[in-house]
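**Student:** Below: one structure in structure tokens.
The values are calculated or read from the model by the stated rules, or taken from the named source; none is laboratory data. These numbers come from a predicted model, not from an experiment. Cβ atoms come from the backbone with ideal geometry, glycine included; neighbour counts cover every protein chain shown.
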Amino acid sequence: MNYVQRGFFWIAVYLCLVLAPLFVLLLAPGPSGSGLWWDFSIALGFAGTSMMAAMFILTARFRRAAAPFGIDLVYYFHRWIALVLFLFIAVHPFILISLEPSLLGDLRPSVISPHMLAGVISVVALTSLLVMTLWRQQLKIHYDGWRIWHALLSITALVLAIVHIEGVGNYVSSPWKRLLWTTISLSCLAILLYARLVKPMVMLQRPYRVEQVVQERGRAWTLVVRPEGHRSFSFMPGQFVWLTLGNSPFALKEHPFSISSSAMQPQTIQLTIKELGDFTSQIKEVSVGQTAYLDGPYGAFSIDRHPSSDYVFIAGGIGVTPIMAMLRTLADRGDGSSLLLFYAYSSWEDLTFQEELESLKERLNLKIVYVLANPPKEWQGEIGFVTDELLARHLPSGFKRCQYYLCGPTPMTALVEKTLRRHGVPLPQIHSELFNLA
């Protein structure tokens, strides 16, 4: 089964999981006098709750399920589908109240029933979760703290939603319907135990040690880690891992970073990290010998998935990291493919991997087009941003047959994707790495 077939298979599995409660709803009549809009509102509540339960699967990092898409795309889908399920959950009570205004009186604190209170708190938890996620940076919520709150609010919203469904009872009165929601609840519990207990226990038995902390240009640092007492995992160039430093893997203090080293040398893993946030600004203070834990590899952003004789890489800033892994791997393999790299950065002096990129041109059939926003006075190369005109000046004559790999700031990636599509590059030949997973 190839990646496309596996992708359709897992999409079908997801749809079955999400739609199962709706089929249950359709297979048996609801309360008498319910009506179309009433049933539609109930269906929204069921769909939103089952989608909420499926979120636990999306974020559990099952490699087999995520492999056809890449875990970054799975997380991107997770973010957007969360907005859809929130809309379903939020609209559900408004329709009911508009049909039966007397229900509003049942929400008064003095008379509200336990299952209705559970439903209200579930909506509040879901709303809080959405606000904290969408405006995390504006609210100055630390990433580690946000992850803990994200987990707690997610569990609270789902558990109370199921309590609400069970308490209403009209649509889950038969034993087999109750069995369905019991199965959903136990499945979510099992996934939670796997992600937060079983996987960390396995990682605890496979520690790594920081062997070097290398300063790079552009306020970036490369952590060189080596497995301690075990063989490291193999990976495809361009993939990434979740890194935990100094803490137990149970601590929920992990961060995703691309592997920058060659896939031909898996016993030494290199992670190149730029000082951009709370955690990354402390990377330079990591001490040699410190314990590290790696969860991975993940991601579909790799040349190994799309073999070709012609590659075009387009990197912006520290987005060069996974592309550097690809170039190093190709060099170690003695590959003769035609390679073109567009590398956009603020200044020449800060350009990460500057010296090594120049030396790689001696080992590879590699052409590099540097694009500087703030070039030195004597600069003779490209200035500004990666634009349509700039690409047209440097792309090879047979550019439509190339495989394209884009990694950098979202505006740059989106603009280049549109430009390539407009010039007739087939969509399956354009591969982008999404930066922000949270």
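**Student:** Return yes or no: is Phe62 surrounded by 17 or more Cβ atoms within 10 Å (Cβ to Cβ) and either in contact with a Leu (Cβ under 7 Å, 6 or more places away or on another chain) or not aliphatic (A, V, I, L, M) (or both)?
**Tutor:** Details: surrounded by 17 or more Cβ atoms within 10 Å (Cβ to Cβ): no; either in contact with a Leu (Cβ under 7 Å, 6 or more places away or on another chain) or not aliphatic (A, V, I, L, M) (or both): yes.
For Phe62, the condition - surrounded by 17 or more Cβ atoms within 10 Å (Cβ to Cβ) and either in contact with a Leu (Cβ under 7 Å, 6 or more places away or on another chain) or not aliphatic (A, V, I, L, M) (or both) - is not met.
**Student:** Considering each of Arg231, Arg226, Arg219 in turn, give the residue that is on the phi > 0 side of the Ramachandran plot and of a type outside the set (Val, Ile, Thr). It would help to see each step written out before you state the result.
**Tutor:** Details: Arg231 fails: on the phi > 0 side of the Ramachandran plot; Arg226 fails: on the phi > 0 side of the Ramachandran plot.
On inspection, the qualifying residue turns out to be Arg219.
**Student:** Further, regarding this structure: With the condition kept exactly as written, say whether any residue in segment 315-336 is surrounded by 16 or more Cβ atoms within 10 Å (Cβ to Cβ), assigned to a loop (DSSP other than H, G, I, E, B) and in contact with a His (Cβ under 7 Å, 6 or more places away or on another chain).
**Tutor:** Filtering segment 315-336 for residues surrounded by 16 or more Cβ atoms within 10 Å (Cβ to Cβ) gives 315-331, 335.
Applying the additional criterion that residues be assigned to a loop (DSSP other than H, G, I, E, B) yields 335.
Pick out the ones that are also in contact with a His (Cβ under 7 Å, 6 or more places away or on another chain) and you get none.
Within segment 315-336, not a single residue is surrounded by 16 or more Cβ atoms within 10 Å (Cβ to Cβ), assigned to a loop (DSSP other than H, G, I, E, B) and in contact with a His (Cβ under 7 Å, 6 or more places away or on another chain).
**Student:** Considering only residues of segment 409-426 that are β-branched (Val, Ile, Thr) and in a helix (DSSP H, G or I), which is farthest from Gly319 (Cα to Cα)? Don't jump to the end; show me each part of the working.
**Tutor:** Taking segment 409-426 and keeping what is β-branched (Val, Ile, Thr), we get 410, 413, 416, 419, 425.
Okay, now just the ones that are also in a helix (DSSP H, G or I), so 410, 413, 416, 419.
Working: Thr410: 10, Thr413: 10, Val416: 14, Thr419: 19 Å.
The selected residue is Thr419.
**Student:** A follow-up question, please. One residue is enough: does segment 369-382 have a residue meeting the conditions free of Cβ contacts under 8 Å to residues at least 24 places away in the same chain and either touching a strand residue (DSSP E or B) at 6+ places or on another chain (Cβ under 9 Å) or within 30 Å of Asn247 (Cα to Cα) (or both)? Reasoning before the result, please.
**Tutor:** Here is the first cut: in segment 369-382, the ones free of Cβ contacts under 8 Å to residues at least 24 places away in the same chain are 377-378, 380-382.
Going one step further and asking which of them are either touching a strand residue (DSSP E or B) at 6+ places or on another chain (Cβ under 9 Å) or within 30 Å of Asn247 (Cα to Cα) (or both), we end up with 381-382.
For segment 369-382, residues free of Cβ contacts under 8 Å to residues at least 24 places away in the same chain and either touching a strand residue (DSSP E or B) at 6+ places or on another chain (Cβ under 9 Å) or within 30 Å of Asn247 (Cα to Cα) (or both): present.
**Student:** Filter segment 97-117 for residues that are under 15 Å from Gly45 (Cβ atoms), at pLDDT 85 or above and surrounded by 13 or more Cβ atoms within 10 Å (Cβ to Cβ) and give the result.
**Tutor:** So the first thing to find is which residues in segment 97-117 are under 15 Å from Gly45 (Cβ atoms), and the list is 97-100, 103, 115-116.
The next check asks that each one be at pLDDT 85 or above; those that pass are 97-100, 115-116.
Correct list: Ile97, Leu99, His115, Met116.
**Student:** Would you check which residues across segment 246-295 are under 18 Å from the mean Cα position of the chain (by Cα) and at positive phi and list them?
**Tutor:** Leu252
**Student:** Still on this structure, please answer the following. Going by the conditions given, is Ser308 outside any loop (DSSP other than H, G, I, E, B), closer than 26 Å to Val4 by Cα, polar (S, T, N, Q) and in contact (Cβ under 8 Å) with a residue 24 or more places away in the chain? I'd like the intermediate steps shown before the answer.
**Tutor:** Working: outside any loop (DSSP other than H, G, I, E, B): no; closer than 26 Å to Val4 by Cα: yes; polar (S, T, N, Q): yes; in contact (Cβ under 8 Å) with a residue 24 or more places away in the chain: yes.
So Ser308 does not fit the description; no.
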